[in-house]
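The values are calculated or read from the model by the stated rules, or taken from the named source; none is laboratory data. Note that the structure is predicted; figures quoted are calculated from it, not measured. Every residue, glycine among them, receives a Cβ derived from its backbone with ideal geometry; neighbour counts consider all protein chains shown. What goes into the accessible areas is simple: the full protein's heavy atoms, side chains included, and nothing from ligands, DNA or RNA. Shrake-Rupley method; radii C 1.70, N 1.55, O 1.52, S 1.80 Å.
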Amino acid sequence: MAETRASDGFQTEYDLVSRHGKVIAVAGSVALSLSLAIAIVFIVEVIARSSFSDTLAYFMDPMRPAWTTVGIFFLVFLSVDAILGREQKSVLLLAPLALIPAFVSHQKQIYLSDPLYPTDFLFGRQIMELMPVLVRDRPWTAVGMVVGIVVFLALFVWSVRYAWRNFPKLSGKARLIRLAIAVPVLTAFVSLMDYNSFSWVRDRLNVIPMMYDQTENYRHNGFIMAFGLNLPMANVTAPAGYMLDAIDKIPTKPVGAGTSHRRKPDVIVLMSESFWDPTQLPNVKLSPDPMPTVRAMQSGTVFSPEFGGMTANVEFEALTGFSNAFLPYGSIPYQQYVRNPIPSLATFFRGEGYVSRAVHPFQKWFWNRSAVYKAFGFQQFRSEENMPPMQKRGIFASDESLTKEIIRQADALRDPFFFFAVTLQGHGPYEANRYVKNTIKVEGDMPLADKQVLATYAQGIKEADDSLKMLMDWAKTRDRETIIVLFGDHLPPLNTVYSSTGYMKGITAERKGPLGQMKKQHETPLVVWSSKTGVQKDIGSISPAFLSYNILKTAGFEHPYYTGFLGKVYDRFRIIDRYMTVDTKGEALPDWSRKKSVDSTIRDYRFLQHDMMFGKRYGMDRFFRSHGDLMASGGL
């Protein structure tokens, strides 16, 4: 009996030691996975940033998401190990997937001053074009890369074989526990990554999407996190049926590029930051009218695809005649897709002998405009860096100062010109003391803070309206006809002003809804005016993509795409949005892209856009010959 008790006690002690050993083994395996996650994220950042000290600062700064990134890697390691059934094998597979892109990003920044985006893989030719430059400028680096690739492949094959034979296996229970912990957390995190909507959890984790400035986006969030934020935009697939035959079958009447009759007019297009009619707010009275000039000269409205921001997307449509409706949700063409020359109003006007110039009183890196304007064919981009100092309204250049600069530049030119100017004064936030004196009186039952915000915004609208009048008065004195187009890029971010006045339930616009509601939350004023023939009335509500058609028709031009094909689309539709189309009768078709069949005109529109942005450019000769000629001559 005593022997039995002794034996049982020994067995119990053995079981305890065994369990303790298993716990230590599991803890050691988990700790090793965490250590490897830290090491890989750190090495990736050192490679991508080319700076040990900057990487160390990234990890030491509690306001940056270095440790969130480590946590994600750790959970991914646990998941993949569970799927493969062996400890740490995930590191062998995933480490190259993190380290190689970081190295490519580093090389890209050396030659193109830009980090690696997921969409760069849509433009593989551009990456390959870096290779001859690298070989020529840094031959020993190129030799080292080749040797490194060979050594890496050999080591990778050996390590995988070694791991398969020697790394500890995971029990079925251990695999399930790892998946049960890691997968739900990773799934929840992925759901937070939509930068178009605010996430309290993401904000607490210090993951701050900065899509307007990708350099800062990568610096703050780190290479891995910033790369991940850009991933949703990489999925650009060709529309079903896209091929040479489909492009050849697109019907259009043959028209030549050029003016139809009169002397070539100068053209000035003003995209006015957050320009909107604040008198539309209910239960509010503004006096005097902050926009009498625009109200008297208004041609219609622009149905903006954005609200409160994302100016570059509206600008993309206005300059190219292409539509955001055909691109992935959340994408920003200026950041993700403009890698090669793309037809635009700038290339059209250059083909007509114009000076094509972009003007914006802010830094050229913002929204990647410097590279984009070059790809669009602008000969010059006059930005804050190369323009005279301007008067400010708060921290932003005033519309009056910008208008005077446009007039100065115009007066210095003899050749006809096309100016595309983006104003800045109307940019939020609308702090109470931006102006020395607000001349627009605001009356209404609303909180004082909202009243101050509205007063600041209304004063900005008044000064934008005054600046337009100044430009028109100048144009009337000129011998050459001057076409002036002004439109707002989107409604302003007035926050609680909308809810406190009853204009909207919340502080931001809905993405989809009834046509009346969408117009209320997305329409901005449009003015199309000629110094010789006056205002073009009754344009109605149009997508920004149709501005090019109206500009060229007003100026007396014809073009195979901008007035030919786009004119055909315009004869059928006035608004083409991601969530609805509106035809010339004002009838809306919600969720058009989910229907079993898509209108043939929209189908062809999408074909042409994909062809010129991502495809083989089958339609270049027929629709964009002047753009092709500029490319062939080296002008782009």
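Per-structure values
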{"read-out": "Surface accessible to a 1.4 Å probe, residue 203 within the full protein complex, Å²", "value": "50"}
{"read-out": "Ranking by accessible area, most exposed first, for 106, 559 with a 1.4 Å probe", "value": "106, 559"}
{"read-out": "Alpha-carbon centroid distance for the pair the stretch 76-103 / the stretch 196-242, whole angstrom", "value": "22"}
{"read-out": "Percentage, to the nearest whole number, of Cα pairs in the stretch 297-444 over 21 Å apart", "value": "52"}
{"read-out": "Whole-number D in µm² s⁻¹ for the stretch 267-325, Kirkwood Cα-pair radius fed into Stokes-Einstein, 4 °C, 1.567 mPa s", "value": "95"}
{"read-out": "Accessible surface of residue 523 - all protein chains present, 1.4 Å probe, nearest 10 Å²", "value": "40"}
{"read-out": "Equivalent ellipsoid semi-axes, the stretch 482-547, via Cα gyration tensor eigenvalues times 5, rooted, Å", "value": "29, 13, 9"}
{"read-out": "DSSP-defined beta bridges in the chain - what % are antiparallel, rounded to 5", "value": "55"}
{"read-out": "Angle between the chain longest axis and helix 214-230 axis [Cα atoms, degrees, rounded to 10]", "value": "70"}
{"read-out": "Most to least accessible of 179, 468, 630 (protein chains only, probe 1.4 Å)", "value": "179, 630, 468"}
{"read-out": "Cβ-Cβ FRET estimate between residue 287 and residue 395, R0 fixed at 25 Å, reported to 0.05", "value": "0.35"}
{"read-out": "Label-point gap, in nm, between residue 30 and residue 445 - each point 7 angstrom along Cα→Cβ", "value": "5.9"}
{"read-out": "Volume of the Cα convex hull of the chain, divided per residue and given in Å³", "value": "219"}
{"read-out": "Where the chain is the region considered: accessible area per residue in Å², 1.4 Å probe", "value": "46"}
{"read-out": "Angle in degrees between helix 2-49 and the longest Cα principal axis of the chain, rounded to the nearest 10", "value": "30"}
{"read-out": "Computed lengthening from residue 384 to residue 93, 0.36 nm per intervening residue step minus Cα-Cα distance", "value": "100.1 nm"}
{"read-out": "Along principal axes, Cα extents of the stretch 531-578, largest first, whole Å", "value": "36, 24, 15"}
{"read-out": "Simple Cβ-charge dipole of the chain, Lys/Arg +1 and Asp/Glu -1, about Cα centre, in debye nearest 20", "value": "920"}
{"read-out": "Tilt relative to the chain, helix 311-320 - C-alpha long axis, 0 to 90 degrees, to 10", "value": "60"}
{"read-out": "Percent carbon-and-sulfur accessible area, the chain, ignoring ligands, DNA and RNA, probe 1.4 Å", "value": "60"}
{"read-out": "Segment residue 249-residue 633, length gained on full extension (0.36 nm per residue, minus Cα span)", "value": "135.4 nm"}
{"read-out": "Percentage relative contact order, the chain, counting C-alpha pairs under 8 Å, at least six apart", "value": "18"}
{"read-out": "Rounded to the nearest 10 Å², the accessible area of residue 248 at probe 1.4 Å", "value": "90"}
{"read-out": "Approximate spin-label separation residue 154-residue 176, in nm, with each point projected 7 Å along Cα-to-Cβ", "value": "4.5"}
{"read-out": "Gain upon complete extension [residue 499, residue 433; 0.36 nm per residue less C-alpha separation]", "value": "21.5 nm"}
{"read-out": "FRET efficiency for residue 477 and residue 203, using Cβ-Cβ distance with R0 set to 45 Å, rounded to 0.05", "value": "0.30"}
{"read-out": "Furthest towards positive pole of dipole, 522, 508, 539, structure part the stretch 497-613, Cβ charges", "value": "508"}
{"read-out": "Residue-averaged [θ]222 nm for the chain, counting only DSSP H segments that reach four residues, each worth -39500 (n - 2.57)", "value": "-16000 deg cm²/dmol"}
{"read-out": "Accessible-area order (highest first, 1.4 angstrom probe) of the listed residues 275, 227", "value": "227, 275"}
{"read-out": "Distance in nm between pseudo-label sites at residue 533 and residue 51 (7 Å out along the Cβ direction from Cα)", "value": "5.5"}
{"read-out": "For the stretch 504-636, the Rg and Dmax computed from alpha carbons only, in angstrom", "value": "17.1, 54"}
{"read-out": "Over 25 Å between alpha carbons, listed pairs 108/392; 520/596; 392/437", "value": "108/392; 520/596"}
{"read-out": "When the stretch 441-579 is reduced to its Cα atoms, the Kirkwood hydrodynamic radius in Å", "value": "17.6"}
{"read-out": "Translational diffusion coefficient (Stokes-Einstein; Kirkwood radius from C-alpha pairs) of the stretch 380-498 at 20 °C, 1.002 mPa s, in µm²/s", "value": "134"}
{"read-out": "Spatial separation of Cα centroids for the stretch 323-402 and the stretch 429-446, in angstrom", "value": "31"}
